[in-house]
1. What pairs can you find where one residue is in the range 471-492 and in a helix (DSSP H, G or I), the other is at pLDDT 70 or above and open to solvent by 40 Å² or more (accessible area, probe 1.4 Å), and their Cβ atoms are less than 7 Å apart, with a gap of 6+ or different chains?
2. Select from the range 327-382 the residues that are within 16 Å of the ligand (Cβ to nearest atom) and part of a strand (DSSP E or B) and list them in ascending order.
3. Go through the range 492-533 and count every residue that is open to solvent by less than 80 Å² (accessible area, probe 1.4 Å), of a type outside the set (A, V, I, L, M, F, W, C) and out of contact with any Gly (no Cβ under 9 Å at 6 or more places or on another chain).
4. For the range 652-663, check the following and say yes or no: at least one residue is farther than 24 Å from Thr514 by Cβ, free of Cβ contacts under 8 Å to residues at least 60 places away in the same chain and not assigned by TED's automatic domain parsing to the domain that holds Val545.
5. Return the only residue of Lys64, Lys36 being surrounded by fewer than 21 Cβ atoms within 10 Å (Cβ to Cβ), assigned by TED's automatic domain parsing to the domain that holds Asn131, within 16 Å of the ligand (Cβ to nearest atom) and in a helix (DSSP H, G or I).
6. Provide a single number: the residues in the range 632-664 that are aliphatic (A, V, I, L, M), open to solvent by less than 80 Å² (accessible area, probe 1.4 Å) and in a helix (DSSP H, G or I).
7. Restricting to the range 646-691, and then to whatever is within 39 Å of the chain's Cα centre (by Cα) and hydroxyl-bearing (Ser, Thr, Tyr), can you tell me which residue is modelled with the highest pLDDT?
Amino acid sequence: MSKTIIVSNRLPLQIKLEENNLKITPSVGGLATGMKSVHSEGDGLWIGWSGLTQEELTDELREKVATEVRKEKCATVPLTQDDMDRYYFGFSNRTLWPLFHYFMEYTEFEKDFWDSYKEVNEKFAKVVLENAEDGDTIWVHDYQLLLLPGMIRDAKPDISIGFFLHIPFPSYEIFRTFPWREEVLHGMLGADLLGFHTYDYERHFLSSVKRILREDVNFNEVVYQDRVVKVDSFPMGIDYQKFYKAAQQHTSLDPSERSDLQKRIDDHFEADENAKLILSIDRMDYTKGIPNRIRAFEYFLNKYPEYKNKVRLVMLAVPSRSNVPQYQLLKKETDELVGRVNGELATVSWTPIWYFYRSLPFDNLIDLYTSADVALITPVRDGMNLVAKEYIATRVNKDGVLILSEMAGAAQEMNEALLINPNNFEATADALKRALEMPVKEQKKRNTMLQKRLQRYSVDKWAAEFFRSLEATKNLDQVVMGRKINTEIENKMVEELKAANRSLMMLDYDGTLTGFKDNPEDAAPDEALIELLQKLNAIPGNDMVIISGRDRETLEKWFGKYEFNMITDHGVWMHTAEKGWQSLERIRTNWMENIRPILETFTDRTPGSFIEEKRYSLAWHYRKTDPELGVKRVMELDTVLTSLISNNELSVLKGNMVTEIKSSNVNKGRAVSRMLSETRYDFMFAIGDDWTDEYMFEEMPSKAYTVKVGYQKTKARFHVHSNKQVRALLEKFTK
Ligand code: GDG
């Protein structure tokens, strides 16, 4: 039976070593909850680090850990202290984390960290591959494992892989500074489905794929190598019922059952009937905007002094990554700020900030959530932020106000919160005042909407949606890849070719027989290609034709001495060994004088684009321009040209990163049909990569083998992956 394998840096287990005994408890985080149904199904397996380094374990303990975690359907990846230092605290948390959260000044590009990151991703891959069987589905989580999908894909090309990034994906302008950007994109694109919290992160990722890898992106799909990779956003939810029920239980507690923390909170409320509590909870992380929040709160108290003595900020900061220098600095800064604000503003009976630097048990978390009139969540960057969602879920009476930073992914779906820019103290202070004074009716109206959404899109729904989408990518591959040439089709073609008395092979040149060069002049045929074409040309009864949009002079220069058949200029000229060059169409070119200046203005405004002057056409190339600008400009150009070309004399051909204007009565299709009308062929083959080749495919009879290079939409019957495969296929024809 096929199974699902979840992979994340840490296992959803707390494993502690107490006097040489193991203590294992399941962790209760959001991810573990969301994955529960996926993990518990069938032979589900979760792979990750146990939390104990190899150095901390004896052989005996290692065995014991392995056996114990197996019982929880988990498998461990053995990591050393050195791995933790360089892969985890190093590359993950001193390179990727700051870079992806736009903290360029904190980002360290250390080759040594990167080497370790690759090694550890390999270690994860090894354990995955030891456990994965054909038909399994693998779901990889987060920024510590960006290379893993690619590594698994290399070893198991057909396995289904999903990847979810829990942090933001930064804009191209940030990501381009990263020295290992190509490798990381390649690693991620090993997945069939890539999930992000928001559409913005998805957009940023696709923009990097386009600009850095120069891959074509169609809406949210990337055809990468020979697969379709789907990219989508799945905003992660919470275990709504867990928080809602815990809050319900909490409100029905007898005063004697209340926790010490709750009793202290109650004291605060009893001191003044207008007393209010503002809450913030986060890991002690520089992305969470903790110092800003303290400063904004101080600003608020000074701007609206009537709130002094009445309002208190309860700030829970959970220790995190405390051996990374920036985290130590942040801790120091926070301590000092809290000290200063409390020192300056506190009175005998009132301290403005209650600051906890520790983690609290779940019940205390509920005490805080249910007691807070306002939640003040002000990250400067945050992938999603689950605390904001948890606060809303605990508001069983639907009161309370959430102030949320626009920079948190959660802000995209929590429009009913008071959204603020955390760098704007004025706006934050005013939002605090507004929140504290908001009529209960309005609070309830906002929270009803927020709760509805959170309840519906809970974390298990999130996981299920991701899975459904991952399943659907299998069909996607089948639709596009179903017509990929395989050995069976190849053998059939070779057989039919051998049996044929007369055969026809129409071969497009650029992008088919050779790869693209930045400059069209650099694409001259190499020796191996000439040799291959000579062999094809020598097949008895075979009409091999190089059919190209290029001009006659260029093809003559490259192939003239071999006496190959050629059709050039999209079908204006034809060359055969017997008749030499003949013109197939009578062409006017005086229109060029009017069109050229238009293309020139587009070239001036589009860096990297250029005009190719052909004898019968003008081509505007934008392969080297910014891909998004190129697409925009070509649409503009199209509009301009359509308004100018009112008669049917000219037509515009949209090729692969090129737009070509030429006389309407010229296209590869007309040339092909002329050939077909003159000779009866038993075997017909046409191959091309470009839009202009579609005319050729269209004219070929249905039994002909028409082949598209690449996976774009086509009239051809089959696909091959790239021009490299074209050569291998043609070689087979010569055997
Ligand atoms: C990353 C992304 C994204 C906090 N303190 C205590 C405690 N918590 C729990 C909260 C919440 C979780 O920790 C924190 O989740 P966040 O989403 O706010 O933030 P990150 O840890 O940075 O998580 C983030 C998330 O991944 C999911 O994709 O949303 O953007 O950075 O669930 O309740 N729990 C307990 N005691 C505490 O003291 N028991």
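1. Filtered contacts from the range 471-492: Thr473/Lys230; Leu476/Lys230; Met481/Asp226; Glu490/Lys732.
2. Our first condition is that a residue be within 16 Å of the ligand (Cβ to nearest atom); within the range 327-382, this holds for 327, 330-331, 334, 354-372, 375-382.
Those that are within 16 Å of the ligand (Cβ to nearest atom) and part of a strand (DSSP E or B): Trp354, Tyr355, Phe356, Tyr357, Ala375, Leu376, Ile377, Asp382.
3. Matching residues across the range 492-533 total 7.
4. yes
5. Values: Lys64 fails: within 16 Å of the ligand (Cβ to nearest atom).
Going through Lys64, Lys36 in turn, the sole match is Lys36.
6. Going through the range 632-664 one residue at a time, the tally reaches 4.
7. Looking at residues that are within 39 Å of the chain's Cα centre (by Cα) and hydroxyl-bearing (Ser, Thr, Tyr), I get Thr659.
Residue by residue, here is whether (1) hydroxyl-bearing (Ser, Thr, Tyr); (2) open to solvent by 30 Å² or more (accessible area, probe 1.4 Å); (3) part of a helix (DSSP H, G or I) holds:
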| residue | (1), (2), (3) |
| --- | --- |
| Lys535 | no, yes, yes |
| Pro540 | no, yes, no |
| Met544 | no, no, no |
| Lys557 | no, yes, yes |
| Lys561 | no, yes, yes |
| Ile567 | no, no, no |
| His575 | no, no, no |
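The values are calculated or read from the model by the stated rules, or taken from the named source; none is laboratory data. It should be emphasised that the depicted structure is a prediction, and the values quoted were computed from it without experimental measurement. Because the Cβ atoms are built from the backbone with ideal geometry, glycine has one as well, and the counts that use them run over all protein chains shown. When the accessible area is computed, the model is the full protein with side chains, heavy atoms only, and any ligands, DNA or RNA have been set aside. Shrake-Rupley method; radii C 1.70, N 1.55, O 1.52, S 1.80 Å.
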